[in-house]
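Some notes on the structure that comes next.
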Amino acid sequence: LSNFTCLFEMGIGAWEAFLSENLSVVIGWPGQRLGGVVLDLPDNSTGGAVAGRALADALSRGLGWLYPTIACKHSTGPHRGSCSYAALPTFWDVLVAAVEKLNHRLDAQNTM
């Protein structure tokens, strides 16, 4: 079996409407090995808040990792407009801070 499993690749709108169940519990696989890709986060002043919500949703859904991407103009295929970071998004520092905050929260929960 793999060290990690990508359960999904979907746009931010679909992710926000996705199941709210703890997927780790549902499929019986460790959360730290589950995750997915969320496409088309806005690369503007709202992007940080959107990324923070996406990360919090990932944790509440039992996922251990999430790869959020921004919308861009130079990709093709079924997810035309989506891309990985050819350049860092404008909200990068906010995203890093959100990950640090969630990690500290998890650390505190694990030491109780």
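For beta carbons closer than 7 Å, sequence separation of 6+ or different chains, a first residue in region 43-62 that is within 19 Å of SER24 (Cα to Cα) and assigned to a loop (DSSP other than H, G, I, E, B) and a second that is of a type outside the set (A, V, I, L, M, F, W, C) and open to solvent by 20 Å² or more (accessible area, probe 1.4 Å), the qualifying pairs are ARG61/SER20; ARG61/GLU21; ARG61/ASN22; GLY62/ASN22; GLY62/SER24. Of everything listed in (1) surrounded by fewer than 17 Cβ atoms within 10 Å (Cβ to Cβ); (2) modelled with pLDDT of 85 or more; (3) closer than 13 Å to ILE12 by Cα, the single unmet condition for HIS79 is (2).
The residues of region 2-28 that are free of Cβ contacts under 8 Å to residues at least 60 places away in the same chain and either aromatic (Phe, Trp, Tyr) or on the phi > 0 side of the Ramachandran plot (or both), listed by number, are PHE8, TRP15, PHE18, GLY28.
Inspect all residues belonging to region 40-53 and state whether any of them is in contact with a strand residue (DSSP E or B) (Cβ under 8 Å, 6 or more places away or on another chain) and at positive phi. Yes, the conditions are met somewhere in region 40-53. Pairing residues of region 87-112 that are at negative phi and open to solvent by less than 100 Å² (accessible area, probe 1.4 Å) with residues that are of a type in the set (Val, Ile, Thr) and part of a helix (DSSP H, G or I), at Cβ distances under 9 Å and at least 6 apart in sequence or on separate chains, gives PHE91/VAL50.
Selection of region 7-29 for residues being surrounded by 13 or more Cβ atoms within 10 Å (Cβ to Cβ) and assigned to a loop (DSSP other than H, G, I, E, B) yields PHE18, ASN22, TRP29.
The values are calculated or read from the model by the stated rules, or taken from the named source; none is laboratory data. The model shown is predicted, which means the values in this text are computed figures rather than measured ones. Here the Cβ is made from the backbone with ideal geometry for all residues, glycine too, and neighbour counts use every protein chain on show. These area figures cover heavy atoms from the full protein model, side chains too; ligands, DNA and RNA do not enter into them. Shrake-Rupley method; radii C 1.70, N 1.55, O 1.52, S 1.80 Å.
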